[in-house]
Amino acid sequence: MSKVAVIMGSTSDLPVMQDAIDILKELNIETEVDIVSAHRTPEKMASFAAGAHTRGFAAIIAGAGGAAHLPGMVASYTPLPVIGVPVKSSNSIDGWDSVLSILQMPGGVPVATVALNGARNAGILAAQIVGSANPEVLQRIIAFKEGLKTKVEKGAAEVRKQFGQS
């Protein structure tokens with residue numbers, strides 16, 4: 001089974017990135033987690049990104065706050081899909097600096113970007129990437145999406161009942 005890497009610039013990003021880790025575990029996808037700073041450990045970042053495709057990864061989720069260079073720099077070194085998670089950090093300008101840093105990549109170096117602090121969606125997107133080549137994971141994604149539908153339908157029925165509608 002293909003693995004997904006979940007990396008982040010510092011330990012302060014972990015509370016946000018935990019959502020990606022949790023959904024990947026829920027979908028039974030092997031996950032490796034590490035701190036890889038584009039600014040403080042650039043050699044580690046370059047080495048990790050350049051070799052990730054040889055280590056069985058199907059995708060890399062990279063979370064970063066502030067200037068948020070990690071997802072883009074990783075994407076510049078790897079042939080794998082990179083999903084960027086902008087993290088609203090203490091040194092952030094309301095998170096917009098992180099969103100724009102990840103979103104505004106130059107041509108030829110794409111980074112799929114999820115919402116501010118949207119690590120759960122990053123995990124789901126990574127699972128869908130894995131599922132595109134793995135029928136077992138694809139079936140788990142189908143079941144997961146069906147569960148979302150069921151949850152909404154139950155909620156709608158409760159609301160209709162609350163207002164005397166059938």
>> What's the magnitude of the charge dipole for the chain around its Cα centre, counting Lys and Arg as +1 and Asp and Glu as -1 at the beta-carbon? Answer in Debye, nearest 20.
In response: 380
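If the viscosity is 0.890 mPa s and the temperature 25 °C, what Stokes-Einstein diffusion coefficient in µm²/s follows for segment 3-134 when Rh is the Kirkwood radius over Cα pairs? Show your work: numbers first, answer last.
Values: Rh = 14.0 Å.
This corresponds to a translational diffusion coefficient of 175 µm²/s.
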> Against the longest alpha carbon principal axis of the chain, how many degrees, from 0 to 90 and to the nearest 10, is the axis of helix 14-26 turned?
Replying inline: 60
> In which sequence would M8, M105 go, from the one with the fewest C-beta neighbours within 10 Å to the one with the most?
Replying inline: M105, M8
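Explain nothing, just the number: dipole magnitude of segment 1-87 about its Cα centre with +1 on each Lys and Arg Cβ and -1 on each Asp and Glu Cβ, in debye rounded to the nearest 20.
For this selection, approximately 240 debye.
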>> Can you sort E146, E32, E43 from fewest to most other Cβ atoms within 10 Å of each residue's own Cβ?
In response: E43, E146, E32
> Hey, how many Å between the Cα centroid of segment 2-25 and the Cα centroid of segment 37-100?
Replying inline: 12
>> Using a 10 Å cut-off around each Cβ, can you sort T150, T78 from fewest to most neighbouring Cβ atoms?
In response: T150, T78
> So who's got an amide H within less than 5 Å of the one on S89, skipping anything under 5 residues away but keeping other chains? H placed 1.01 Å off N, in plane.
Replying inline: G66, G95
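Only the coordinates and a few stated rules stand behind these numbers; no lab work does. Just so we're clear, the structure is a prediction, and the values are computed from it rather than from any experiment. Using ideal geometry, Cβ is built from the backbone for each residue, glycine included, and neighbour counts are taken over all protein chains shown.
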